[in-house]
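Chemist: Let me begin by handing over the structure; questions about it come next.
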Amino acid sequence: MAKKNEIKVTIEKPDSIYKDKDFDGTFCYYRQHNLGHMRTYGTKFIVIVNRKNQGLVKTAYVVDKIIEKVREYPKPPKTK
């Protein structure tokens with residue numbers, strides 16, 4: 001289970017963002033993690049966000065690879 005801080009960091013500084021082809025307004029934010037206790041489940045946090053519903057976080061969990069049914073969006077610019 002992802003903690004609130006990891007979810008927040010994943011949304012604010014994602015490694016990549018993908019748009020779901022099946023659900024309009026739903027985006028998948030991915031970020032690599034290095035937490036030892038979470039490595040058993042995978043190496044990336046995924047946070048599913050519904051942007052049409054004021055950025056509602058639908059779910060968050062850990063995966064090994066990026067889900068193939070979505071297409072990539074440009075990575076957001078790095079903030080200083």
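The values are calculated or read from the model by the stated rules, or taken from the named source; none is laboratory data. The shown structure was predicted, so the numbers you read here are calculated from the model rather than taken from an experiment. Don't worry about glycine lacking a Cβ; one is built from the backbone with ideal geometry, like all the others, and counts go over all protein chains shown.
Chemist: Which residues, taken from the stretch 57-80, are among the hydroxyl-bearing types (Ser, Thr, Tyr), modelled with pLDDT under 65 and either farther than 17 Å from Gly25 by Cα or part of a loop (DSSP other than H, G, I, E, B) (or both)?
Modeler: Passing the criteria: only Thr79.
Chemist: If you don't mind, there's one more thing I want to ask. Select from the stretch 1-30 the residues that are of a type in the set (Val, Ile, Thr) and more than 14 Å from Ile67 (Cβ to Cβ) and write down the one among them that is surrounded by the fewest Cβ atoms within 10 Å (Cβ to Cβ).
Modeler: That would be Val9.
Chemist: Can you pull out the residues in the stretch 31-56 that are over 16 Å from Asp15 (Cβ atoms) and either surrounded by fewer than 16 Cβ atoms within 10 Å (Cβ to Cβ) or modelled with pLDDT under 65 (or both)?
Modeler: If the condition is that a residue be over 16 Å from Asp15 (Cβ atoms) and either surrounded by fewer than 16 Cβ atoms within 10 Å (Cβ to Cβ) or modelled with pLDDT under 65 (or both), then Gly36, His37, Arg39, Thr40, Tyr41, Arg51, Lys52, Asn53, Gln54, Gly55, Leu56 are the ones that fit.
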